[in-house]
Amino acid sequence: MTTLAADREIEALMALHPKGFDLSLDRVTRLLERLGNPQDLLPPVIHIAGTNGKGSCAAFSRALLEAAGHLVHVHTSPHLVSWAERYRLAAEGGGKLVDDETFADAIARVAKANDGQKITVFEILTAVTFILFSEHPAEAAIIEVGLGGRFDATNVVARPAVSVIMPVSMDHEAYLGDRVELIAAEKAGIMKRGCPVVIGAQESETALQVLIETAERLECPTFVYGQDFLAFEENGRMVYQDEDGLMDLPPPRLPGRHQFANAAAAIAAVKAAGFEISHRAAEKAMTHVAWPGRMQKLAQGRLAELAPKGADIWLDGGHNPGAGVVVAEALAEQEEKNPRPLFLISGMINTKDQSGYFRAFKGLVRHVYTVPVSLSDAGVPNDELAVRATEAGLTAEPVSSVANALMLLRDTWDGPAPRILIGGSLYLAGAVLAENGTPPT
């Protein structure tokens, strides 16, 4: 976890500069010039945008490259418990989260170079990414977009080895537009002329068309899920197929059918970036991939111990209707294999479509316990969130905390051991992992 030195640096930045996003490349470009343009000194970059699935694609890409013996840097956002989670530096045997001394030093240097100029904290932390990744040796860098694409601070990489667009759906409408084609156009902004593009599985034909047309206009070699590559389940295995043939692989360790498509996009991306992935490396990657806070099983820990005996507890930070659908499908798949009564403990923030998220669980969830989101000023009050869940056709009641919801369920449920989903917000997922004593490593 991040310790005091890096935390103090970030708290100082928070006091000086605005939180949130102010989408523009001008400020970060100016800062990076003062730092010697470290973004131009990176190893081959896999740049990933999309509404849902970005983090999973990054996790699969890392697993594939490390299984093939490569040294890999990974930048993801947001973090769940510690700021250091955003920066995984390449190391023999697998990347490690940045240590506090290295992290604090990089933040201080970037802040000094900025010299008090107007900038957002995310832009400073993105510059920290480029400083860290340029100063530590690696053979690849996986960089996840923060918000949107075109004006995201990560979009200063001039020639990515591959740009990846994962599923696009409605989210962040205030920043990106209120129609899926507008959001797709913003995500497509990470494409660079002549650089390979991988387009993951899209639920919207309109979004897909925008992405393909943009790639064609920029003369990018383009690989589209369902046309140039795909994955499907056969006899409990995952079969990946592209122009090179078939790979018969174990099912991904990350639960849910949607992870087949996410894994496929990562395989296509790593190959498009110029890396060879053997069948053995792909097999190892599918069984070793890890992505905290996304359909993560909580088998032990302080919170897990409060649940009804034998409960099957899952944690997921998905927070929009598209994420709700894929999580609900993953749980429905589990219900088919191993039926259990399902309960939802949910907290959400006020910039998300709460009723849209809850609608995905209609007919699947027995009851919802709504809780506050302690780590965000934008958390929806738990009584208001219960109303949103009720409007979506679920029964719901507000409870003061996740711990109290688990204990209430333990004390009032007298049926078979339940399945419990804790979800609706990455802020909530981070708070749960911290309280449970199982932060990401």
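Just to check your reading of the model, which residue among E92, E33 is among the acidic types (D, E), over 19 Å from D152 (Cα atoms), without any contact (Cβ under 8 Å) to a residue 60 or more places away in the chain and surrounded by fewer than 20 Cβ atoms within 10 Å (Cβ to Cβ)?
E92
Being outside any loop (DSSP other than H, G, I, E, B) and not hydroxyl-bearing (S, T, Y) is the requirement here; does A417 meet it? Steps first, answer last, please.
Numbers: outside any loop (DSSP other than H, G, I, E, B): no; not hydroxyl-bearing (S, T, Y): yes.
No: the conditions fail for A417.
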Report the residue count in the stretch 49-88 for those that are of a type in the set (A, V, I, L, M, F, W, C), buried (at least 24 other Cβ atoms within 10 Å of the Cβ) and under 26 Å from S278 (Cβ atoms). 9
Between a residue in the stretch 40-55 that is assigned by TED's automatic domain parsing to the domain that holds P321 and on the phi < 0 side of the Ramachandran plot and any residue that is surrounded by 24 or more Cβ atoms within 10 Å (Cβ to Cβ) and in a loop (DSSP other than H, G, I, E, B), which pairs come within a Cβ distance under 7 Å, given they are 6 or more apart or on different chains? none
For E144, are the conditions met, namely being surrounded by 21 or more Cβ atoms within 10 Å (Cβ to Cβ), under 21 Å from L41 (Cα atoms) and at pLDDT below 95? no
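Matching residues to (1) in contact with a Phe, Trp or Tyr (Cβ under 7 Å, 6 or more places away or on another chain); (2) within 20 Å of L315 (Cβ to Cβ):
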position	(1), (2)
G55	yes, yes
R62	no, no
A67	no, no
H73	yes, no
S77	no, yes
V81	no, yes
E92	no, no
G95	no, no
T102	no, no
Any idea how many residues of the stretch 196-219 are surrounded by 16 or more Cβ atoms within 10 Å (Cβ to Cβ) and over 25 Å from the mean Cα position of the chain (by Cα)? 1
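Considering only residues of the stretch 205-252 that are of a type in the set (V, I, T) and part of a strand (DSSP E or B), which is farthest from V289 (Cα to Cα)?
Start the filter on the stretch 205-252 by keeping residues that are of a type in the set (V, I, T), which leaves 206, 210, 212, 214, 222, 224, 239.
Those left that are additionally part of a strand (DSSP E or B): 222, 224, 239.
Details: T222: 26, V224: 23, V239: 17 Å.
Here the answer is T222.
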Test G256 against the stated conditions and say whether it is part of a loop (DSSP other than H, G, I, E, B), at pLDDT below 95 and closer than 24 Å to G226 by Cβ. yes
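Scanning for something under 13 Å from L315 (Cβ atoms), touching a strand residue (DSSP E or B) at 6+ places or on another chain (Cβ under 7 Å) and either of a type in the set (S, T, N, Q) or assigned by TED's automatic domain parsing to the domain that holds N338 (or both), does the stretch 409-420 turn up at least one residue? Write out each step before concluding.
At the first step, the residues of the stretch 409-420 found to be under 13 Å from L315 (Cβ atoms) are 419-420.
Imposing the further condition that a residue be touching a strand residue (DSSP E or B) at 6+ places or on another chain (Cβ under 7 Å) reduces the set to 419-420.
In the following step, the residues that additionally are either of a type in the set (S, T, N, Q) or assigned by TED's automatic domain parsing to the domain that holds N338 (or both) were identified as 419-420.
Scanning the stretch 409-420 turns up at least one residue that is under 13 Å from L315 (Cβ atoms), touching a strand residue (DSSP E or B) at 6+ places or on another chain (Cβ under 7 Å) and either of a type in the set (S, T, N, Q) or assigned by TED's automatic domain parsing to the domain that holds N338 (or both).
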Filter the stretch 364-383 for residues that are β-branched (V, I, T) and touching a Pro at 6+ places or on another chain (Cβ under 7 Å) and give the result. T370
Those residues that are closer than 20 Å to R340 by Cβ and among the charged types (D, E, K, R), I need them from the stretch 367-417; list them, please. R410, D411, D414
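The values are calculated or read from the model by the stated rules, or taken from the named source; none is laboratory data. If you're wondering where the values come from, they're calculated on a predicted model, not measured in any experiment. Counting neighbours? That spans all protein chains shown, and the Cβs are built from the backbone with ideal geometry, glycine included.
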